[in-house]
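Working notes for the structure below.
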Amino acid sequence: WWSHVEPAAKDPILGVTEAFLADRSPHKVNVGVGAYRDDDGKPVVLDCVRKAEGKIAGNLDMEYLPMGGSIKMVEESLKLAYGKESELTKDKRVAAVQALSGTGACRLFADFQKRFLPDSQIYIPIPTWANHHNIWRDAHVPQRTFHYYHPETRGLDFAAMMDDIKNAPNGSFFLLHACAHNPTGVDPSEEQWREISYQFKVKNHFAFFDMAYQGFASGDPENDAKAIRIFLEDGHMIGCAQSFAKNMGLYGQRVGCLSVCESEMQAVAVKSQLQQIARPMYSNPPVHGALIVSIILSDPELKSLWLKEVKGMADRIIGMRTALRKNIEKLGSNLSWEHITNQIGMFCYSGLTPEQVDHLRNEFHIYMTRNGRISMAGVTTGNVGYLANAIHEVTKS
Ligand code: LMR
């Protein structure tokens, strides 16, 4: 039956983890996947998560959640993204469901887009998280691209981005990273977000925000929601995918939220259709992670502990940016490494070529995605010198 099936191509991100795990070198370093590590390179379970689990223990039954997931978790997620005082959420104008983390939220939205606006397309930034392309491809939504990153400045190509926004047909769908753009670590400034939002109004475009790193850009989740808040202030009806994988360290729990703004009456219809799409795919989402999130976000003590811990993670990464840059510069590199500290969030878009990345893997047992993205969360006091030296070796002429 299946003799015609060829092996699938390796995933450009998760395939790096597989290769890293198979490497027996004691010097190996994984700066591939975007998953936070402590300064000993160990995965972290946040204290607020442990405490929330303590509250769950013994009180958790194993019943199904509704198709749309935990109502409390969804409410708390919306407060985090839209703001506690959001008129839209108060007026019940947001259709929202629990989703299987950010990926699941994006996929649910893409399927919804295809089902109810079958002729629409999605504009995706270049570059973007590799899985975005897979998600909209598998939902059969045609993809267009828009300029985002400027390879020479290693910053935002704002002028080209604005041209693409202006030149797209009125009423186009755009995928925007709310903060800590993956893979580039380059975000528009507040001023630039305001211009983008204005232009979206002029063109009547729909903004779909993927917010996988709320808290990781500035260390403060409120501040990291500013792009969304600007769009809301300007009266946009946005869509938003939220993930608690990174900011609560709940990677394997697959907990997130999808929201779509509408009128109060239509929000009911939209939510019911989102649930209808979820039902044959996975029926209803898992309960454990949703409970952790809702307990943390609704308990003032746990919430302030969480805010402290998010800031701690963001600060450790910022410290590693400085250390990596300093270490490379100390070796006498005559290239500019300023972008390591200018970029924000979990990633550094290093500018290393695929060949240099291969060289790092083959000679130094250092693993990163072939687009040169370094997960700064995998850099530690213990490996930063080794990493800097290897980068210098493969980039010096
Ligand atoms: C990443 O970009 O490394 C993460 O979002 C993990 C993933 O699923 O790709």
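The values are calculated or read from the model by the stated rules, or taken from the named source; none is laboratory data. Not measured: the values here are computed from a predicted model. We place every Cβ from the backbone using ideal geometry, glycine too, and count neighbours over all the protein chains shown.
Side notes on the structure shown:
- The set of residues from segment 1-44 being touching a strand residue (DSSP E or B) at 6+ places or on another chain (Cβ under 9 Å), basic (Lys, Arg) and under 24 Å from His181 (Cα atoms) comprises just one member, Arg37.
- Residue within segment 330-340 that is within 16 Å of the ligand (Cβ to nearest atom) and in a helix (DSSP H, G or I) present: no
- Residues in segment 3-21 that are part of a loop (DSSP other than H, G, I, E, B) and either at pLDDT below 95 or within 16 Å of the ligand (Cβ to nearest atom) (or both): Ala8, Ala9, Lys10, Asp11, Pro12, Ile13.
- Long-range neighbours under 6 Å by Cβ, at least six apart or interchain, first residue within 21 Å of Gly185 (Cβ to Cβ) within segment 127-142, second more than 10 Å from the ligand (Cβ to nearest atom): His132/Ile124
- Restricting segment 349-379 to residues that are among the polar types (S, T, N, Q) and within 12 Å of the ligand (Cβ to nearest atom), the residue that is surrounded by the most Cβ atoms within 10 Å (Cβ to Cβ) is Ser375.
- Residue match in segment 224-244 (condition: within 16 Å of the ligand (Cβ to nearest atom) and without any contact (Cβ under 8 Å) to a residue 40 or more places away in the chain): no
- Residue that is nearest to the ligand (Cβ to nearest atom), among those in segment 33-70 that are in contact with a Phe, Trp or Tyr (Cβ under 8 Å, 6 or more places away or on another chain) and modelled with pLDDT under 95: Gly34
- Applying the criterion of being buried (at least 20 other Cβ atoms within 10 Å of the Cβ) and aromatic (Phe, Trp, Tyr) to the residues of segment 92-122, the residue that is nearest to the ligand (Cβ to nearest atom) is Phe109.
- Positions within segment 179-199 being outside any helix (DSSP H, G or I), among the aliphatic types (A, V, I, L, M) and more than 14 Å from the ligand (Cβ to nearest atom), in sequence order: Val186
- Contact map, segment 248-271: first residue at positive phi, second residue of a type outside the set (A, V, I, L, M) and surrounded by fewer than 22 Cβ atoms within 10 Å (Cβ to Cβ), Cβ cut-off under 7 Å, separation 6 or more or different chains; pairs are Arg254/Pro286.
- Entry remark, segment 207-237: residues being crowded, with 24+ Cβ neighbours inside 10 Å, in a loop (DSSP other than H, G, I, E, B) and of a type outside the set (Gly, Ala, Ser) number 3 in total.
One line per residue, one yes/no per condition, for (1) β-branched (Val, Ile, Thr); (2) in contact with a Cys (Cβ under 9 Å, 6 or more places away or on another chain); (3) exposed (fewer than 12 other Cβ atoms within 10 Å of the Cβ):
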position	(1), (2), (3)
Leu21	no, no, yes
Pro26	no, no, yes
Asp39	no, no, no
Pro43	no, no, yes
Val49	yes, no, no
Asp61	no, no, yes
